[in-house]
Every structure is written in C-alpha cells, then in structure tokens.
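Reading through the structure tokens given below for one structure.
The values are calculated or read from the model by the stated rules, or taken from the named source; none is laboratory data. For clarity, every value in this text was computed on a predicted model and none was experimentally measured. Cβ placement follows ideal geometry from the backbone for every residue including glycine, while neighbour counts extend to all protein chains displayed.
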Amino acid sequence: MKKLLLFSFAALLLALAANAQEPDEYCGTPPGIVPWLRDYQDNPSAFLRSNELLYVPLTIHIVGSDDGNGFYPVPRVLDAFCTLNRDFEPSNIQFFIEGEFNYIANTEYYDHDYGAGFEMMERYNVPNTINCYIVSSPAGNCGYAVYSLGIALNKGCTTAADHTWAHEIGHYLSLPHTFSGWEGTSFQDFDPTPSSINGRPVERVDGVNCQNAGDRFCDTPPDYISNRWSCRSDNSSNALQTDPTGATFRSDGTLIMSYSFDECASRFSEGQSDAMRANLLNQRSNLLYDQSPAVYLENANVTPITPSEGAMITDANSVLLEWEPVVGADGYIVQLSLLSTLGFEIVYRSFPTTDTRVEVTGLLSDRDWLWRVRPYNRYDGCTGYSNAFAFETGNFINTTREQVAPTDFNIRPNPQRAGNDLTIEFDLPVALDLSLNLYTMAGKRIHGMQLNAHYGLNRIEMPTGHLEPGLYLIGLEHAQGKQFRKILIQ
Ligand SMILES: [Zn+2]
C-alpha cells in the first residue's frame, strides 16, 4: 500500500515536471494544502501547543558526481545553516546537525529528476531527522520538499543570503506557498480576477475568506504571484494585483513562503510559525528526541600552537597546523591561503576537520602563507574565521614540481569544424604564467598566446579560422613543464 501511494505521488510530480515551462523553477514542491495542515487550520485548539524552544535534528547529505567532484564545501553549508537558524529564531525553532555530513558520490542524484530524487531519499534518509540533500540540480529547481521524505536543495540557492532552505523546511513542516492555488498560472491572464483558481478560493484583500482561501492563514495577505519577483524598498511587490472584488494590493515580500527574491524575504508569519511548531509537536514528535540546550560559539578565540607566527618552513613539503581546542566546538574549517606576489590572497585549500590539527602537504616553495580557523558545532554555523596566522616556505622547488602543473586540461569540442572556436580549460593550484601554443603534428608552431592564468578553473577560447582540416597539437607550457593534447579540425 505504501509503495503504491508513493508511486502515484511520484507520477504526479513527474507530470508536473513535464508541464513546467521554465527549465529553472524556484521551488518544485507540489501545490495544494497537506491534509494535516487542513485539519490543524480547521481547529488549532485540538492540537498540542507549547511555547518552548524546539530543537530539531537535520541530516545533511552533500551530493557530488560519480568521480567525487562538486561536493558543496562545508563552509558554505555552515553559512547557509546559520541563515536557516536565524530565519527560524522568531519561530522558536533551533535546528542542529545530527551526525556527520553524509557525502554521496552519484551523478544521477547530483543532477536528478524527481524519480531519482525520491530514490535517493528512500535510500539514504536517516529516520527521525529532517533529511536535507544539497545537490547540483534538484529536478531543475532551487529546491523542493517532499512531505513524506525530505528536502533537496540546489547548491547555488543555498548561500548565506538565500532563504531557500528555510522555504523548503517551511513546506516540510506543512506550509503551502502564500500564493497557494496560483502555482503554474499567471494572475495577469485573468481579468477580472476569478473568485476561485485551480478549485481553490482566491483570497480577498478585506480578508473575509482568509480561512479558506490561498494558504488559509489569515495573517498572510493575498498573493497571486507564482513566479519569482523583485520587491520595492518596502519589500512589497512591484506588481499591483486586483482581487475578485476589484480591490488592489501588492504582495508581502517579507514572507519566506512567497516567491519574492531572497533580499526581500525574512520571516514567517505568526500563524505560519504556530503551524510549524504544531506540526513538530503533533505529527513529527519523533524529531524531538534531543532537547538538550544548544551550545553557541560566540566570541570563540582561536590560539595557534604551530607553526609559530612568521615561521620559515624550510626542510619539508609539509607543515602541521595546530591550534588550541575551542570550548564547545565539534569541528573546524581550516583555510590556507597563499599571498600572491602582488599582495592579494588566494585561497589555496580548505580543510574541514574534527581534530585540532591538519597536516598540509604539497606546499609551494618560496611563498608567504596565511591560515585561519573557523570553529563550528552542531548548533552554530555562524562563527567566522579567526585572525590570520602567517608563515613562509623556503626554496624546495624540486619536490613541488607536480603541484603546480595544470590538471583537467581539456579541449572541446574535439573534433571541431574549421572556423569555429575551441574552448580550452584547465585547472591550476596556483596562479601561473603559461603559454598556450598550437602546433602542426610536425612540431611547427602556428599560433601562440601568453597567459597570466589564475588559480582554479581557467577557460580560454582559441580561434581556428585559417586552419586546414587535420590533426594538430595544443601545448600548455610553463617554466616547469609542458602538456599536449591532440585536436582534430574537420
Ligand atoms: Zn515552495
């Protein structure tokens, strides 16, 4: 029976996905009001209530591709987790991270359709927690929630400045959109505004039908906008709407359950907060198994142990970074940066650890380095990085040759038609001066360019205009080595 229900729900979602006009929607949560919320809204006093702070466990699944790329970095997860808790503070709900981050390397889940998303959740869900999956593309959305399973979030929509995580957890705790009923339609297409849409009463400005119309919360005003919208300086919508009686209004963009842009949104209404708390206390009391008080890391100071400030590392290509434990911390992010010759900082590597030390290998010769430590714990992702501590490395160039070489050197498309550009990509662990050359197979250089390539992914377009069809070599060359790729021009 359970399987059957789930299948039909999946089929519904797939049908919705197929109908979606925009490939990149904000939220893929199915429309409608969950039966539990209907019951609650019909008679809130029949439900257990409490004013106490509720602690709610999250399992955070970080999903990457098959080859282990694309995992959302832990510091970004913590930034977003901090925003999530701030969004829920007025609702008196505090989330905590249960267990370790769960890394899943699976391309089908990393960029998934609803079917694969459901399968992922059934496979990896940890019971009695809200399961949050951070992926590259959750069925083409910024996020979605499945009431019976969990939520999926797009990495790009899960930053410190976004409220997508709060929005999807809002759904998971029973909230519909403020524009409930209007999903998939456009209010401009209706003139005059009908009194019902998709079988649901349309909410009026005077509020007389607020208990049955829209999201059925009377403290969220009417809202008919089901695609993302920018707000005015007072956070109301630019779009002026007209209700079925002819009264005009603008939507309230402060509400996280609307589709206003993230910079407009900041809150849940009191009625929404009460409903989410009642959902936890009644339908999801299994989530409330650990109500031990939170530990916060305000004013956490980090004291380095080694290397000593300004030390010169001369005899090895590894260094131990160690610091005094911070009271209350469950883990740390260590950020190691390189000072470029121009004086600006390049983040070289970041290490999440539950220890109070990391060993860094593969350092570059003859450089100035800065490192910082950011403590966190299961309740608190809001602590920033410590002050920077400095050291330098001496000259041990012979041992580090491989570390500076470009990786993931790719040329596409290959083959390419003459006259069309080639895209050349490579990844660098440090900024490097390179030359990029095009040779005949006999080794004659036809074309070349000098590049001040930067740290990380570099992408260069190379024209093929005057080339005869045939095989060529493209070389990426720098002071310490050369790499070549064959390319076929047709
Ligand atoms: Zn939504």
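Could you please let me know if Q272 is under 26 Å from the mean Cα position of the chain (by Cα) and within 16 Å of the ligand (Cβ to nearest atom)? Step through it out loud before you land on a result.
On the way: under 26 Å from the mean Cα position of the chain (by Cα): yes; within 16 Å of the ligand (Cβ to nearest atom): yes.
Against the criterion (under 26 Å from the mean Cα position of the chain (by Cα) and within 16 Å of the ligand (Cβ to nearest atom)), Q272 qualifies.
Only one of D234, D223, D162 is modelled with pLDDT of 95 or more, outside the structural domain of I93 (by TED's automatic domain parsing) and within 16 Å of the ligand (Cβ to nearest atom). Can you tell me which? It would help to see each step written out before you state the result.
Numbers: D234 fails: within 16 Å of the ligand (Cβ to nearest atom); D162 fails: outside the structural domain of I93 (by TED's automatic domain parsing).
That would be D223, the only listed residue that is modelled with pLDDT of 95 or more, outside the structural domain of I93 (by TED's automatic domain parsing) and within 16 Å of the ligand (Cβ to nearest atom).
Take Y109 and decide whether it is crowded, with 16+ Cβ neighbours inside 10 Å and either under 15 Å from the mean Cα position of the chain (by Cα) or part of a loop (DSSP other than H, G, I, E, B) (or both).
Values: crowded, with 16+ Cβ neighbours inside 10 Å: yes; either under 15 Å from the mean Cα position of the chain (by Cα) or part of a loop (DSSP other than H, G, I, E, B) (or both): yes.
The answer is yes for Y109.
Output the residues belonging to the range 453-477 that are more than 16 Å from I424 (Cα to Cα) and crowded, with 16+ Cβ neighbours inside 10 Å.
L467 - this is the single residue of the range 453-477 that is more than 16 Å from I424 (Cα to Cα) and crowded, with 16+ Cβ neighbours inside 10 Å.
Can you name the condition, by its number, that L37 falls short on among (1) within 16 Å of the ligand (Cβ to nearest atom); (2) at pLDDT 95 or above; (3) on the phi > 0 side of the Ramachandran plot?
The number of the failed condition is (3).
Within the range 282-308, track down each residue that is of a type in the set (A, V, I, L, M) and within 30 Å of L173 (Cα to Cα).
If we filter the range 282-308 for residues that are of a type in the set (A, V, I, L, M), which is where we start, we get 287-288, 294-295, 297, 300, 302, 305.
If the condition is that a residue be of a type in the set (A, V, I, L, M) and within 30 Å of L173 (Cα to Cα), then L287, L288, A294, V295, L297 are the ones that fit.
Yes or no: the range 104-125 includes at least one residue that is within 16 Å of the ligand (Cβ to nearest atom), more than 22 Å from S350 (Cβ to Cβ) and among the small types (G, A, S).
Going through the range 104-125, the residues within 16 Å of the ligand (Cβ to nearest atom) turn out to be 114, 117.
Filter once more, keeping what is more than 22 Å from S350 (Cβ to Cβ): 114, 117.
With the extra rule that they be among the small types (G, A, S), the set shrinks to 117.
Yes.
Return yes or no: is M276 assigned by TED's automatic domain parsing to the domain that holds A80 and closer than 20 Å to C27 by Cα? It would help to see each step written out before you state the result.
Details: assigned by TED's automatic domain parsing to the domain that holds A80: yes; closer than 20 Å to C27 by Cα: yes.
Yes; evaluated as a whole, the condition is true for this residue.
Would you check if N299 is surrounded by fewer than 21 Cβ atoms within 10 Å (Cβ to Cβ), more than 28 Å from the chain's Cα centre (by Cα) and modelled with pLDDT under 95?
Working: surrounded by fewer than 21 Cβ atoms within 10 Å (Cβ to Cβ): yes; more than 28 Å from the chain's Cα centre (by Cα): no; modelled with pLDDT under 95: yes.
For N299, the condition - surrounded by fewer than 21 Cβ atoms within 10 Å (Cβ to Cβ), more than 28 Å from the chain's Cα centre (by Cα) and modelled with pLDDT under 95 - is not met.
Might you let me know whether the range 440-452 holds any residue that is among the hydroxyl-bearing types (S, T, Y) and surrounded by 15 or more Cβ atoms within 10 Å (Cβ to Cβ)? Quick ask: steps written out before the conclusion?
Step one: list which residues in the range 440-452 are among the hydroxyl-bearing types (S, T, Y), which gives 440.
After this cut, where a residue has to be surrounded by 15 or more Cβ atoms within 10 Å (Cβ to Cβ) as well, the list is none.
No, that holds for no residue.
Pull up the range 129-146, narrow it to residues that are within 14 Å of the ligand (Cβ to nearest atom) and closer than 16 Å to L173 by Cα, then point me to the one that is farthest from the chain's Cα centre (by Cα).
V146
When you check N51 against the structure, is it under 16 Å from the mean Cα position of the chain (by Cα) and part of a loop (DSSP other than H, G, I, E, B), yes or no? First the steps, then the outcome.
Working: under 16 Å from the mean Cα position of the chain (by Cα): no; part of a loop (DSSP other than H, G, I, E, B): yes.
Here the answer is no, as N51 does not meet what is asked.
Within the range 316-341, count every residue that is more than 28 Å from the chain's Cα centre (by Cα) and more than 14 Å from R367 (Cα to Cα).
Count: 7.
Determine the pairs where a residue that is closer than 22 Å to F179 by Cβ, located within the range 25-50, has a partner that is of a type in the set (K, R) and within 16 Å of the ligand (Cβ to nearest atom) with Cβ atoms under 8 Å apart, the partner being 6 or more residues away or on another chain.
Pairs that qualify, where the first residue is closer than 22 Å to F179 by Cβ and the partner is of a type in the set (K, R) and within 16 Å of the ligand (Cβ to nearest atom), are Y26/R228; I33/R216; L37/R216; R38/R216; Q41/R216.
Just need a number here: residues in the range 308-329 that are out of contact with any Ser or Thr (no Cβ under 7 Å at 6 or more places or on another chain) and within 13 Å of S386 (Cα to Cα).
Count: 1.
Kindly check whether there is at least one residue in the range 394-407 that is modelled with pLDDT of 90 or more, within 20 Å of P429 (Cα to Cα) and of a type outside the set (K, R). Steps first, please.
Initial filter on the range 394-407 (modelled with pLDDT of 90 or more): none.
The answer is no, given that none of the residues of the range 394-407 is modelled with pLDDT of 90 or more, within 20 Å of P429 (Cα to Cα) and of a type outside the set (K, R).
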